[in-house]
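The values are calculated or read from the model by the stated rules, or taken from the named source; none is laboratory data. The model shown is predicted, which means the values in this text are computed figures rather than measured ones. Cβ atoms come from the backbone with ideal geometry, glycine included; neighbour counts cover every protein chain shown.
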Amino acid sequence: MLLLMLPNSVLADHGPKKMWKRQIQPYFTAHKTKKMGPFPIHVHSHGQETSLSVPRKNNRDFDKIFKDKVNLAALLRKDGQITYAHFNKKRGIDENTLMHGMSMSKTALAAAVGSLICNGQIKSLTETMGTYSPILKRTPYADVSIKNVLQMNSGVSPLNDRGKKKANRMAMGIAEFEGKADLVAAVNMFNKTLRKQGTQHNYHTADPFALSVLITDITSKPASQVFYENIYTAFAKSGQIHWAADKKGYTVSQARLVMKAADWSGFGQYILDEIKAGSCIGSFFEEGRKNAVSTTRRNVKYGYQFWVYKINGESVITMTGHGGFFNILSQQKNKVLSIFSVDEHYKAGNLFSDLPKIVSPVMK
């Protein structure tokens, strides 16, 4: 019954073979080929490519969960150190494989917004999108608070994923929009206020797309560059990220951020470290966790472009991505569990509906 309460955007809409072919494998080289299937795409790359070395750390109990045919990689950090690492050798996955983070990318987008609060370019999350963005001032987002958009509580996005797939294709410039990638046009698809803002969480592409426009209107930089300069370089001494863009340079922000598995894990540790330090960006994420809003999912809330699961009695920041991608952050244990998959259906259970039960032993 619980599966019926999950939004369609959370569950894989195709099997592991199609997931691998469409959403995983192309991103290994998309920054070089600038292609997604037969379609030309735009990709922004930031930083310099470096080779990583992650020691293989084994744990028989954890292997029972993660040595599953649908798992691509799993990393566990404890107190900042990787204490468990599994990579799917049969699929050619290792520590230098580029991983499309799916909707975990949304949390990187939120971090970019948070960094603008911390450097004073945004005064308050209670201010409206239209205050900072001339483009959004001409849309229903004009009077919506930045906070409500971060929480996917704008009242602008249609229910039941309506318009989502078309907007994604439009922003990427694929299928009928080949050669016409236009994220602003995708935002403009949603031209009505459908609900009072702040009254109903609705997980949808529209809100992260609007945040991408907001960031660029404030900084004159793509959201990918703001994330790289303000966040990535704070936790990675070196390395490179790739993030899809439209033809005008706007970051396609609902997904499409590509980093190595250790970087995704490092991003999670960075958030924990900043929360512990009581820094501005740490306070941003902690505020998002504490003030997370109710969703249609039982015992799962939504913060600032991340979910909040209850695991071992703790409300934990949880980045999730289509098909079984997770970054689970425990403040109490100072642990980060990063999971990359081609399907959420593990032998141990369904990662989305059974996550607390599956990862409880790992996060103790």
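Examine the range 199-215 for a residue that is within 22 Å of VAL113 (Cβ to Cβ), more than 17 Å from the chain's Cα centre (by Cα) and of a type in the set (Gly, Ala, Ser), and state whether such a residue exists. No, there is no match, as no residue in the range 199-215 is within 22 Å of VAL113 (Cβ to Cβ), more than 17 Å from the chain's Cα centre (by Cα) and of a type in the set (Gly, Ala, Ser).
All of (1) part of a loop (DSSP other than H, G, I, E, B); (2) hydrophobic (A, V, I, L, M, F, W, C); (3) more than 19 Å from PHE267 (Cβ to Cβ) hold for ILE65 with one exception: (1). Within the range 297-312, residues that are more than 27 Å from ALA112 (Cα to Cα) sit with their Cβ atoms under 7 Å from residues that are at pLDDT 95 or above, at 6+ positions apart or across chains, in these pairs: ASN299/LYS310; ASN312/SER360; ASN312/MET363; ASN312/LYS364.
Taken together, the criteria exclude ALA348 from residues that are touching a strand residue (DSSP E or B) at 6+ places or on another chain (Cβ under 7 Å), surrounded by fewer than 24 Cβ atoms within 10 Å (Cβ to Cβ) and of a type in the set (A, V, I, L, M, F, W, C). I'd like the full set of residues that are assigned to a helix (DSSP H, G or I) and among the basic types (Lys, Arg), limited to the range 153-190. LYS164, LYS165, LYS166, ARG169, listed by residue number. Only a single criterion out of (1) of a type in the set (Lys, Arg); (2) farther than 26 Å from GLY278 by Cα; (3) without any contact (Cβ under 8 Å) to a residue 12 or more places away in the chain is not satisfied by LYS67, namely (3). Scanning the range 214-259 for residues that are among the hydroxyl-bearing types (Ser, Thr, Tyr) and assigned to a loop (DSSP other than H, G, I, E, B) returns SER220, SER238, TYR250, SER253. Could you please let me know if LYS276 is surrounded by fewer than 24 Cβ atoms within 10 Å (Cβ to Cβ) and part of a loop (DSSP other than H, G, I, E, B)? Taking the combined requirement at face value, the residue does not satisfy it. For the range 304-326, taking the residues that are at pLDDT 95 or above, among the small types (Gly, Ala, Ser) and crowded, with 24+ Cβ neighbours inside 10 Å, the one that is farthest from ASP343 (Cα to Cα) is identified as GLY321.
When every residue of the range 182-193 is checked against the conditions, none turns out to be crowded, with 20+ Cβ neighbours inside 10 Å, touching a residue at least 12 places away in the same chain (Cβ under 8 Å) and among the hydroxyl-bearing types (Ser, Thr, Tyr).
Filtering the range 144-163 to residues that are in contact with a Ser or Thr (Cβ under 9 Å, 6 or more places away or on another chain) and closer than 15 Å to THR128 by Cβ leaves VAL144, SER145, ILE146, LYS147, ASN148, ASN153, SER154, GLY155, VAL156. For the range 281-297, the set of residues classified as surrounded by 14 or more Cβ atoms within 10 Å (Cβ to Cβ), of a type outside the set (Phe, Trp, Tyr), out of contact with any strand residue (DSSP E or B) (no Cβ under 6 Å at 6 or more places or on another chain) and outside any loop (DSSP other than H, G, I, E, B) consists of ILE281, GLY282, SER283, GLU286, GLU287, GLY288, listed by residue number.
For (1) touching a strand residue (DSSP E or B) at 6+ places or on another chain (Cβ under 8 Å); (2) farther than 21 Å from VAL258 by Cβ; (3) in a loop (DSSP other than H, G, I, E, B), each residue gets a yes or a no:
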{"site": "ASP94", "(1), (2), (3)": "yes, no, yes"}
{"site": "LEU109", "(1), (2), (3)": "yes, no, no"}
{"site": "THR126", "(1), (2), (3)": "yes, yes, yes"}
{"site": "LYS137", "(1), (2), (3)": "no, yes, no"}
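Scanning the range 252-266 for residues that are surrounded by fewer than 24 Cβ atoms within 10 Å (Cβ to Cβ) and of a type in the set (Phe, Trp, Tyr) gives no hits. Inside the range 32-59, residues that are at negative phi, assigned to a strand (DSSP E or B) and surrounded by 11 or more Cβ atoms within 10 Å (Cβ to Cβ) make up a count of 9.
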